[in-house]
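A short worksheet on the structure shown next.
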Amino acid sequence: MQVTRRQFFKVCGAGLSGSSIALMGFSPAPALAEVRSFKLARATETRNMCPYCSVSCGVLIYTTGDKSKNAKADIIHIEGDPDNPVNRGTLCPKGAGLLDMVKSPNRLKWPEVREPGSSEWKRISWDDAISRIATHMKKDRDANLVEKNAEGVTVNRWNTTGFLASSAAGNEAGYLTVKILRGLGAVALDTQARI
Amino acid sequence: MTNHWVDIKNADLVLVMGGNAAEAHPCGFKWVIEAKKDRKAKLVVVDPRFTRSAAVSDYYAPIRSGSDIAFLGGVINYLLTNDKIHHDYVKAYTNASFLIDEGYKFEDGFFSGYNPEKRSYAKDTWKYQTDKDGYAKVDPTLQDPRCAFQLMKQHYSRYTPELVSKVTGTPKDAFLKVCEHIAETAAPNKTMTICYALGWTQHSVGSQNIRTMAMIQLLLGNMGMAGGGINALRGHANVQGITDMCLYSEVLPGYLAAPTDADKNWAEFVDKRTPKTLRPNQMNYGQNFSKWATSLMKAWYGAAATDKNDYAYDWLPKKDAAYDVLAIFERMHQGKMNGFLCQGFNPLASVSNKKKVGDAMAKLKYLVVIDPLATDTSEFWKPHGEFNEADPAKIQTEVFRLPANLFAEESGSFTNSGRVIQWHWKAADGPGESKGDIEIMAGLFLKLKEMYAKDGGKLPEPILNLTWPHRIAAKPSPEELLMEISGKALGEVLDPKDKTKVLAKPGEQLAGFAQLRDDGSTACGNWIYGGCWSQAGNLTARRDNSDPSGLGQTLNWGYAWPANRRILYNRASCDVSGKPWDPKRAVIKWSGTAWGGNDVPDMRPDAAPDENVMPFIMTAEGVARLFAPALAEGPFPEHYEPFETPLDRNPFHPNNPKAVSNPAARVYKGDMEVFGKAKDFPYVATTYRLVEHFHFWTKHARINAVLQPEQFVEIGEELAKEKGIANGDKVKVRSNRGFIKAVAVVTKRIKALDVDGKKVHTVGIPLHWGFKGVAKPGYITNTLTPFVGDANSQTPEFKAFLVNIEKA
Ligand code: SF4
């Protein structure tokens, strides 16, 4: 009988205790080599995608907890999604290291500001950050939005604040971003895609 | 990609040029190996370095970086002189037979209409001869000296194997060997796929590099075929999707050309963008522009956009100048900008000429960085030793840094290189107080809206009227947004053939872009994604990987735009009568009453072959363009040297000093002056990625930092010997804009080439380091690169510039 690792998880997850594995026809040796499987079998599996290159390999993210309201999920393992027709479970060295990206010590954790001339960051609240940025934006837009050009044609453009958009954001974030920016009158916008 | 990742397995020949898929797209490259194994396909690699792709190739040819058009133009010449083209395909499906205006000419490096002051062309002679009905004149025998075929033949007759070898440095026999491989796929049942990446785009002639290849694929009849096509292996996971959403100044979502000052009202705006059909019976799908544009305005402004107010056209900003990333930094550098927001983008590291970018940001009033990571850009003001010299006290920019989520921490869709939109699910919350990009943008917008509602200000209407149909205003859900992108009925959508039939009731999701209307009865945020969330639900979340055809189409996995079509132009995979060129790899065929098969037909389903509707439905002529007037530097690609060239002339035009580099490329004042000359900077430099790293992200991830901890550059053994550099020595690499220091890797993989009578060495520069991260701090590679871009896309020339190198 050919049993893949995933099928093995399923069977294990179905409630057999560890000691019954031998009864399924496995010799104990390979079963014991699968120590980690017990942890993953209890973890929640979520389908996602490698955010690096545009092969967009499917990944499975394993988190502790069962998605219940008061259980905080923590990502413990990421591996290739064998169902994905493009990568069929494989990941390259970049994708294989995704857990370290998620857990990078350089992840930003709260809003910060570096004030003019200062040499350090200062932690601020989200409300504070959003109000201060919006105030900057409004002041600039009110002062510099061009309503009509020299010929008197309505042009309604704001070109003194620029925006560079991510190619790592999802389609939905990208769409909302362009909708908002065009709504504000922005023309100085570009994306990582150009580069 | 016109095709998709898995389809690479259907190729007979895989050409990897302008990219290094084995290293940069490893899990996609697997399909190249599959083609080799299962189809006995050949892999040919052309690259300045003997790359990891080259290491598993059947044939490798070296080339000097920046000379791809010379090489590919030589391939065109080879195919034409040796009669290795797919005649029926070329005749029927391209504009080979179209007669070109008598005024069009090419002389001494310039096409007709050049204006040297403006560095641009007037294109009034780059057009077809037309008859009294406005249709293009054709000569189906391809004999008329003014037909595109003959003009093309004449243009590339100069690209002899001898001259190609002299310019590219590729030995003549190696060049001819590659030509032979490529020519085999002129057989109707043989296909070549091309896998390229930024090694073609990041040049001042980037778009024309790709166009030359597209011409080759047309001559061979490889477009629309399984295992064929033009396949851009794109960078980021969602670079395709973000391009489609059009977060750049030239276009609105779905590639609708953005309004400019010249488009005074809605009618003019729509009219100029609605192409006139250039040949009888053609679909000219672009005729539907008004439906896409009206539906977009309805998605953004809802009831406030009506036929009475030109669908709120006045509220759309009109573009007056270039605002690509180089233009934005140029304006910033000139002190013309006050604010700047970077969302998941690290321009200090990713844009050319780091010093100019840093100086520009120091002139801003405010900078906002929205990112999951502490990027180099966010600390452009902070001294980081020799890697970033800065004096915070002198920099008055107020810098904000907002923590964003990563892929694992939000749901939504990404579009891969093969145009397949795939949904992913959130696994956990991000660290600390981080939020998703959607929530951050919504927060900023709602704050601004509140301020405009309360205090007034300039032109508040478009802000106050922007549709915001979200259950939780501060947290629009990705599901709501994808539904808006896909499109819904506002009024009843009727069948144009039978007005008693209701196709969609108000409030229903539309089945696709064919249901869009220009009377205000439909709303759609991006027409090309139309139908990805239909009444059947979120089709991007489908996970049925069955593949009944065996071609790898998996039509029920995710949703490919447009219309879930996996291979673009697939009508061209059949002959004129509707029979597949290769029945073993049939993509679609004509059944006698309809088109159908293993893909969604790229053709009106009931267009009988004798109606003569040609496969390239997005062009006004119905056929593909060998002669293409849309590009900035000419209707046929021509070789021009990089702006920093090791040569003192363009060997194709040795007597015209103005035709050395792309005559139509934009160069800013001050940047022309800092182009280096070969006498001071004798070596060609090129930048690239490594398999262990992704751009400037993975230097923040521990395992990647362990695998490739320290910055290095690669040089050939011969150059190393000349310069007295040993493997492992620390070296200093200088360009006219700055320097970096790195460890030297002396390798057999890069060899000197003989170019135009000179020996040309290449210095290879992996790009992944910077002063922020957990890897060893390093210099930002783009300290070295020139501030000039492709004349069409303005993609910077990162892949060919000049440096010098010495022991540090
Ligand atoms: S795992 Fe590697 S090949 Fe796959 S998407 Fe990520 S970076 Fe690309």
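Amide H contacts under 5 Å for residue B:224: B:229, restricted to partners 5 or more places along the chain or on a different chain, H placed in the peptide plane at 1.01 Å from N. Rounded to the nearest 20 debye, the dipole size of region A:145-194 about its Cα centre is 20 debye, using +1 on the Cβ of Lys and Arg and -1 on the Cβ of Asp and Glu. Amide H contacts for residue B:494 (H built 1.01 Å from N in the peptide plane; partners 5 or more residues away or on another chain; cut-off under 5 Å): B:503.
For region B:532-576, backbone nitrogen atoms closer than 17 Å to the point 7 Å from residue A:67 Cα along Cα-to-C-beta are found at B:538, B:541-543.
Is region A:42-107 best put as rounded, prolate or oblate by its Cα gyration tensor, with a ≥ b ≥ c the root eigenvalues, rounded for a/c under 1.5, and otherwise prolate when a/b is larger than b/c, oblate when not? The shape class here is oblate.
Placing +1 on each Lys and Arg Cβ and -1 on each Asp and Glu Cβ, with no other charges, gives the protein assembly as shown a dipole about its Cα centre of roughly 1560 debye. Ranked for footprinting exposure by Cβ neighbours inside 10 Å, fewest first, B:639, B:693 give B:693, B:639. For chain B, hydrophobic long helices are taken as DSSP H runs at least 15 Å long by C-alpha position along their axis with mean Kyte-Doolittle hydropathy of -0.5 or more; these are B:68-81, B:172-183, B:206-219, B:289-301, B:437-455. Fully extending the segment from residue B:649 to residue B:594 would add 14.2 nm, taking 0.36 nm per residue of separation and subtracting the current Cα-Cα distance. Label region B:245-337 by shape, choosing from rounded, prolate and oblate, from the square roots a ≥ b ≥ c of the eigenvalues of the Cα gyration tensor; if a/c is under 1.5 it is rounded, and otherwise prolate applies when a/b is larger than b/c, oblate when it is not. It comes out oblate by the Cα gyration axes. For a 18 Å ceiling on Cα separation, which of these pairs sit above it: A:67/B:426; B:308/B:458; A:138/B:447? With Cα atoms farther than 18 Å apart: B:308/B:458. Annotation: extensible slack from residue B:776 through residue B:102 equals 236.5 nm (criterion: 0.36 nm per residue apart, minus Cα-Cα distance).
Semi-axes of the equivalent ellipsoid of the protein assembly as shown are 38, 36, 34 Å, computed as sqrt(5λ) over the eigenvalues of the C-alpha gyration tensor in descending order. Note on A:100, B:108, B:101, B:12: ascending count of other Cβ atoms within 10 Å places them as B:108, B:101, A:100, B:12, the fewest first. At full extension, residue B:743 and residue B:384 could sit 127.3 nm farther apart than now, given 0.36 nm per residue minus the alpha carbon distance. Taking label positions 7 Å along the Cα-Cβ direction at both residue B:470 and residue B:544, the computed distance is 3.3 nm, reported to one decimal.
Got a sec? Charge dipole of region B:477-619, +1 on Cβ for Lys and Arg, -1 for Asp and Glu; which of B:539, B:491, B:595 is way out at the positive end? The residue sitting farthest along the positive end of the dipole is B:595. Counting Cβ atoms of other protein chains within 10 Å of each residue's Cβ and taking the mean over peptide B:311-318 gives 5. Straight-line cross-link reach from residue B:172 at under 20 Å between alpha-carbon atoms covers these lysines, not counting any fewer than eight positions away in the same chain: B:84, B:751, B:758, B:759.
For the pair region B:697-744 / region B:158-235, the C-alpha centres are spaced 31 Å from each other. Computed from backbone phi with θ = phi - 60° and the Karplus coefficients 6.51, -1.76 and 1.60, the 3J(HN,Hα) list for region B:735-747 is 10, 6, 10, x, 9, 10, 10, 7, 7, 8, 9, 8, 9 Hz; x is used for glycine and proline. Placing a label point 7 Å from the Cα of residue B:808 along the Cα-to-Cβ direction, the residues of region B:349-379 with a backbone N closer than 18 Å are B:354-355.
Cβ crowding within 10 Å, taken as a proxy for footprinting-reagent exposure, orders B:219, B:707, A:181 from fewest neighbours to most as B:707, A:181, B:219. For residue B:118, a cut-off of 23 angstrom between C-alpha atoms picks up these lysines, skipping any fewer than 8 places away in its own chain: B:105, B:127, B:318, B:319, B:336, B:658, B:669.
The modelled label-to-label distance between residue A:139 and residue B:146, using points 7 Å beyond Cα along the C-beta direction, is 6.3 nm. Shown in residue order for region A:82-97 are the 3J(HN,Hα) couplings computed by the Karplus curve 6.51 cos²θ - 1.76 cosθ + 1.60 at θ = phi - 60°: x, 7, 5, x, 7, 9, 6, x, 7, 9, 8, x, 6, x, 5, x Hz (x for Gly and Pro). Evaluated with a Cβ-only charge set (Lys, Arg +1; Asp, Glu -1), region B:657-807 carries a dipole of roughly 260 debye about its Cα centre, given to the nearest 20. Helix-only arithmetic for the protein assembly as shown: the sum of -39500 (n - 2.57) across DSSP H runs with n ≥ 4, divided by the residue total, places the mean residue ellipticity at 222 nm at -7000 deg cm²/dmol. Annotation: amide H-H contacts under 5 Å for residue B:94 (H modelled 1.01 Å from N, sequence separation of 5 or more, or interchain): B:624. Between the listed residues B:57, B:114, B:89, the Cα displaced farthest toward the positive end of the dipole of region B:41-161, a dipole computed from Cβ unit charges relative to the Cα centre, is found at B:57. For peptide A:144-154, the mean count of partner chain Cβ atoms within 10 Å of a residue's Cβ comes to 4.
Peptide B:410-422 is shielded by partner chain Cβ atoms: per residue, an average of 5 of them sit within 10 Å of its Cβ. Roughly how many Å is it from the Cα centre of region A:159-194 to that of region B:514-547, as a whole number? Centre-to-centre (Cα) distance: 23 Å. Distance between Cα centroids, region A:111-125 to region B:420-499: provide it in whole Å. After rounding, the separation between the Cα centres reads 30 Å. Residues in region B:543-549 carry Karplus couplings, in order, of 9, 9, 9, 5, 9, x, 7 Hz; the curve used is 6.51 cos²θ - 1.76 cosθ + 1.60 with θ = phi - 60°, and Gly or Pro positions show x.
As a rough guide to protection, the peptides B:183-191, A:135-143 ranked by mean Cβ packing within 10 Å, highest first, stand as B:183-191, A:135-143.
No lab work stands behind these numbers, since they all come straight from the coordinates. What you see is a predicted model, and the numbers here were worked out from it, not measured in a lab. Positions of Cβ are backbone-derived with ideal geometry, glycine not excepted, and every protein chain shown enters the neighbour counts.
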